[in-house]
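The values are calculated or read from the model by the stated rules, or taken from the named source; none is laboratory data. Here the structure is a predicted model, which means the values were calculated and not measured. Every residue, glycine as well, gets a Cβ built from its backbone with ideal geometry; the counts of neighbours run over all protein chains shown.
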Amino acid sequence: MFYTSYLRINSIVKSLNEKNIIRKPLKTLIILYILCCFTTDLTAADTVISDPDHISTGIEYRGTPNIRLGDTFSYAGFTFGGMADIRNESRFNQGVLPNHNWRGFVFLYYDKSLTENKDLLKVTGGFEHESAHPTMGLNDGNDKAYDKVYDSTYRNINLNSLMLRLSSTSGSRYALTLLGDIQFYFSSRNTPELPINELTWSEGISGGFEFRYPAGSNCEFFISGFDRYIFQSRYKTEGNIYYDTDSGALTRMENYPVINNTNTVSAKAGFIFSSLIQDRQVSLYCGILYGNIFGFVDSREKRTVYSIGMEIFH
């Protein structure tokens, strides 16, 4: 039944493509979205703990404090969720609570199983929105080009995307989850260093894994990894971009991509406890971020960030 549906849908999409009604890069997106509606088993959407968009509530220390508030809700095959992530930058003055920048993320997913074992193979389609903003201009000490995203100019990151995910969870005593995503970004920008609030489109791909193994009563050891790549947009616009020079950070007018290519690699390892809070799991972990870390940062800046934390999630 699944294969027959695929052939029928593929034939329709191919016909539209030959008539130039749709472009080839959208073919896979359309097929998988329609297949979501043809399959019948409903399951909850999967992600991995190391995904920066993993919805949770918790606190993390990465040289500075980071607080996250979030939760998810499921009904009739749909899952809706969101979170707010508030953090500090180590290069600026520190307060008791993080208040230098914040990131918001919300999503709506529809999830379907493709096999009798609902966790063995499933496809998820949905909409995602992410935005990141500074809470204030921090002109004190921002003498480097990457720090200039904190000034009196209105700057932000705004990402809207259609996401398709294929995931699989296997194992009996252990659990191994593998997933891969493709994303189509529209009306988006990820370059706060560009002081022009224009939006455009691009594509992205992601992949991740998570391995869990029992470590006692109601406790599991886990290790998880995730990698996300966003491709540079074809559209560019002119703007004054800061660069470091021998005379300090100076601007240069140039034609600059509205969406820059970024690569975020993250990993976490620790323990998950399932009996501490009713209907919730609690994890204690250590983690690492490498590359273009998520949140309100200059898209050219690459970092390596180590962290420890605690989070609560479904």
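Might you check whether a residue that is surrounded by 20 or more Cβ atoms within 10 Å (Cβ to Cβ), in contact with a strand residue (DSSP E or B) (Cβ under 6 Å, 6 or more places away or on another chain), of a type in the set (Asp, Glu) and farther than 29 Å from Tyr154 by Cβ occurs anywhere in the stretch 216-229? Full working, then the answer.
Going residue by residue through the stretch 216-229, those that are surrounded by 20 or more Cβ atoms within 10 Å (Cβ to Cβ) are 222, 224, 226, 228.
Of the ones still in play, those that are also in contact with a strand residue (DSSP E or B) (Cβ under 6 Å, 6 or more places away or on another chain) are 222, 224, 226, 228.
Keeping just the survivors that are of a type in the set (Asp, Glu) gives none.
No, that holds for no residue.
What do you reckon, is Ser233 farther than 30 Å from Leu194 by Cα, touching a Ser or Thr at 6+ places or on another chain (Cβ under 6 Å), surrounded by 20 or more Cβ atoms within 10 Å (Cβ to Cβ) and in the same structural domain as Ser131 (by TED's automatic domain parsing)? Explain how you work it out, then say what you get.
On the way: farther than 30 Å from Leu194 by Cα: no; touching a Ser or Thr at 6+ places or on another chain (Cβ under 6 Å): yes; surrounded by 20 or more Cβ atoms within 10 Å (Cβ to Cβ): yes; in the same structural domain as Ser131 (by TED's automatic domain parsing): yes.
So Ser233 does not fit the description; no.
The set of residues in the stretch 193-215 that are surrounded by 20 or more Cβ atoms within 10 Å (Cβ to Cβ) and of a type in the set (Asp, Glu) comprises Glu193, Glu210.
Report yes if some residue within the stretch 281-290 is in contact (Cβ under 8 Å) with a residue 12 or more places away in the chain, under 25 Å from Ala145 (Cα atoms), outside any strand (DSSP E or B) and aliphatic (A, V, I, L, M); otherwise report no.
Residues of the stretch 281-290 in contact (Cβ under 8 Å) with a residue 12 or more places away in the chain: 281-290.
Filter again for under 25 Å from Ala145 (Cα atoms), leaving 288-290.
Keeping just the survivors that are outside any strand (DSSP E or B) gives none.
No, the conditions are met nowhere in the stretch 281-290.
The residues on offer are Ile293, Ile272, and the sole one that is assigned to a loop (DSSP other than H, G, I, E, B) and closer than 17 Å to Arg68 by Cβ is Ile293.
Restricting attention to the stretch 209-227, and to residues there that are within 16 Å of Gly171 (Cβ to Cβ) and among the small types (Gly, Ala, Ser), which single residue is nearest to the chain's Cα centre (by Cα)?
First pass over the stretch 209-227, keeping only residues within 16 Å of Gly171 (Cβ to Cβ): 209-215, 220-224.
The next check asks that each one be among the small types (Gly, Ala, Ser); those that pass are 215, 224.
Numbers: Ala215: 29, Ser224: 15 Å.
Looking at residues that are within 16 Å of Gly171 (Cβ to Cβ) and among the small types (Gly, Ala, Ser), I get Ser224.
Here Cys219 passes the criteria (1) touching a Ser or Thr at 6+ places or on another chain (Cβ under 6 Å); (2) in contact (Cβ under 8 Å) with a residue 40 or more places away in the chain except the one numbered (1).
Report, by residue number, each residue of the stretch 269-295 that is among the aromatic types (Phe, Trp, Tyr) and touching an Asp or Glu at 6+ places or on another chain (Cβ under 9 Å).
Phe271, Phe273, Tyr285, Phe294
Filtering the stretch 32-59 to residues that are part of a strand (DSSP E or B), farther than 20 Å from Val106 by Cα and either out of contact with any Gly (no Cβ under 6 Å at 6 or more places or on another chain) or at pLDDT 95 or above (or both) leaves only Asp41. When you look at Gly77, is it out of contact with any Pro (no Cβ under 6 Å at 6 or more places or on another chain) and on the phi > 0 side of the Ramachandran plot, yes or no? Spelling it out, Gly77 is indeed out of contact with any Pro (no Cβ under 6 Å at 6 or more places or on another chain) and on the phi > 0 side of the Ramachandran plot. Looking at Phe273 and the list (1) over 19 Å from the mean Cα position of the chain (by Cα); (2) loosely packed, with under 15 Cβ neighbours inside 10 Å; (3) not β-branched (Val, Ile, Thr), which single condition is not satisfied? So the condition that Phe273 fails would be (2). Among the residues of the stretch 241-269, those that are outside any strand (DSSP E or B) and either modelled with pLDDT of 95 or more or within 21 Å of the chain's Cα centre (by Cα) (or both) comprise Val258, Ile259, Asn260, Asn261.
Quick check: is even one residue across the stretch 222-230 in a strand (DSSP E or B), closer than 21 Å to Tyr146 by Cα, touching a residue at least 40 places away in the same chain (Cβ under 8 Å) and in the same structural domain as Glu128 (by TED's automatic domain parsing)? Steps first, answer last, please.
So in the stretch 222-230, the residues in a strand (DSSP E or B) come out as 222-230.
Subsequent filtering for residues that are closer than 21 Å to Tyr146 by Cα retains 229-230.
Filter again for touching a residue at least 40 places away in the same chain (Cβ under 8 Å), leaving 230.
From the residues that got through so far, the ones that are in the same structural domain as Glu128 (by TED's automatic domain parsing) too are 230.
Yes, there is a match, as at least one residue in the stretch 222-230 is in a strand (DSSP E or B), closer than 21 Å to Tyr146 by Cα, touching a residue at least 40 places away in the same chain (Cβ under 8 Å) and in the same structural domain as Glu128 (by TED's automatic domain parsing).
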